[in-house]
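The values are calculated or read from the model by the stated rules, or taken from the named source; none is laboratory data. Computed from a predicted structure; not experimentally measured. Here the Cβ positions follow ideal geometry from the backbone for every residue, glycine too, while neighbour counts run over all protein chains shown. What goes into the accessible areas is simple: the full protein's heavy atoms, side chains included, and nothing from ligands, DNA or RNA. Shrake-Rupley method; radii C 1.70, N 1.55, O 1.52, S 1.80 Å.
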Amino acid sequence: MEFSHYSVMLEESIAGLAIRPDGIYVDGTAGGAGHSCQIAKRLTTGKLFALDKDPDAVSIAEKRLAPYGQAAVIQADFKDLGCTLRERGITGADGILLDLGVSSHQLDTAQRGFSYHQDGPLDMRMSQQGLSAQDLVNTYSVADMTRIIREFGEEKYAFSIAKNIEKARAKAPITTTGQLADIIRESVPYAARREKNPAKKTFQAIRIAVNGELEALSQVLDQAFDFLNPGGRFAIITFHSLEDRMVKQKFADFARGCICPPDFPVCVCGRSPRGTLVSRKPILPREKELAENRRSRSAKLRVIEKTKDLKGSEGDGLRKSGL
């Protein structure tokens, strides 16, 4: 089985993890194992756990990581990261990486049903189990489809698209990506069709809903940060504004200290920053990478380091800065 995947911001994400040869690391989205291989080759007595819920990804990751005895591949959803590792006797990690993008393999394999560029069965399931995109478009109400397309795709023509999906499925089930792409194309004004592929936002929205992507991300953010050892780093690569907004806000919360009202002369909340942002602004792909891989153009990397020592910094009634 051929599994191609361009590892987005490979150098930047590996640098962001600040890998120690004896550390414990987790790649929660192994994909084609590009990031995982680079982590594993930097370890001596350390250990890498590469997770992915896609059985195709697990199969290829096992092959590509076979030369590294310090690597273990596990089929699991990253939202279950904590319990998955504790079951294996691991109680903390020195670095966790999540690459939230859809792999090139998933996009380029028509049978997986992710692409609006080529016709294939309407699937979109990363785990290849459970609710499919075909199930969603053929059974969900217009109201639910409108909400999904508008919220997850930020598509202003969501209602028109949902109504036309309903009309089409009344005649015959919608079973292929080509059918869905055609319906979407006919649901938006001609001017919108010329700007970019009109199916992009709706396909993104349906994929997010089918795989529960935002729910999984919401579940893993606190869980993974809590699982980090003091001084450990959490790196996340996002590919659209909904993901990046969640990560940005959560990382900012981890790095926030006192939350007392501004007019309090002394801190009484006792809150200390739990982490430090490695870079206040997101790290973006370099020009060279953008030229090599157009799919990386929307990528953003954010990295936070867990505070090493919180002792003596909480509840000590310190006078607030500048007062």
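If you add up the charges near Arg125, with Lys and Arg at +1 and Asp and Glu at -1, over every other residue whose beta carbon is less than 14 angstrom from its beta carbon, what do you get?
-4
Excluding residues fewer than 8 places away in the same chain, name every one of the aspartates and glutamates whose C-alpha is closer than 14 Å to that of Lys53.
Asp27, Glu62, Asp77, Asp80, Asp99, Glu213
Taking the mean number of other Cβ atoms within 10 Å as a proxy for protection, how do you rank 92-105, 60-73 from highest to lowest?
Details: 92-105: 23.1, 60-73: 17.9.
The densest-packed peptide leads the list: 92-105, 60-73.
Quick check: the angle from helix 177-187's long axis to the longest principal axis of the chain, C-alpha only, nearest 10 degrees?
Once rounded, the angle reads 80 degrees.
Return the whole-Å distance between the Cα centroid of the stretch 106-125 and the Cα centroid of the stretch 232-297.
Measuring centre to centre over Cα atoms gives 32 Å.
How far is helix 200-211 tilted off the main Cα axis of the chain, in degrees rounded to 10, range 0 to 90?
70 degrees
Mind running the shape call on the stretch 6-158? Use the C-alpha gyration tensor, a ≥ b ≥ c as the square roots of the eigenvalues: rounded below 1.5 for a/c, prolate if a/b tops b/c, oblate otherwise.
prolate
Of the listed values [x] 134; [y] 164; [z] 144, identify the label whose number matches volume of the Cα convex hull per residue in Å³ calculated from this model.
[y]
For the pair Lys156 and Ala170, how long in nm is the line joining their label points, each one 7 Å along Cα→Cβ?
With each label point 7 Å from Cα toward Cβ, the separation is 2.8 nm.
Can you classify the stretch 254-304 as rounded, prolate or oblate using the Cα gyration tensor, where a ≥ b ≥ c are the square roots of its eigenvalues, rounded means a/c under 1.5, and otherwise it's prolate if a/b beats b/c and oblate if not?
prolate
Compute the accessible area per residue over the chain, keeping the other protein chains in place, probe 1.4 Å, unit Å².
I get 48 Å² per residue for this part.
Once both axes come from the Cα atoms, what is the angle between helix 158-171 and the longest principal axis of the chain, in degrees from 0 to 90, rounded to 10?
With both axes taken from Cα atoms, the answer is about 40 degrees.
Whenever you get a sec, compute what percent of the accessible area on the stretch 1-145 sits on carbon and sulfur atoms (1.4 Å probe).
Exposed carbon and sulfur together represent 47 percent of the surface.
Which entries in the list Lys250/Lys306; Lys79/Lys201; Lys156/Lys200; Lys41/Lys63; Lys248/Lys300 go over 19 Å, if you measure between the two C-alpha atoms of each?
Working: Lys250/Lys306 13 Å; Lys79/Lys201 24 Å; Lys156/Lys200 13 Å; Lys41/Lys63 15 Å; Lys248/Lys300 10 Å.
Violating the 19 Å limit, Cα to Cα: Lys79/Lys201.
How high is the FRET efficiency between Asp226 and Ala15 when r is their beta carbon distance and R₀ equals 22 Å, given to the nearest 0.05?
0.35
Hey, can you rank 14-25, 188-199 by average C-beta count inside 10 Å, highest first?
The most tightly packed comes first, giving 14-25, 188-199.
To the nearest 500 deg cm²/dmol, what mean residue ellipticity at 222 nm is calculated for the chain from DSSP H runs of n ≥ 4 alone, each contributing -39,500 (n - 2.57), summed and divided by the residues?
That comes out to -12000 deg cm²/dmol.
With every atom except the alpha carbons ignored, what do you get for Rg and Dmax of the stretch 104-219, in angstroms?
13.1, 40
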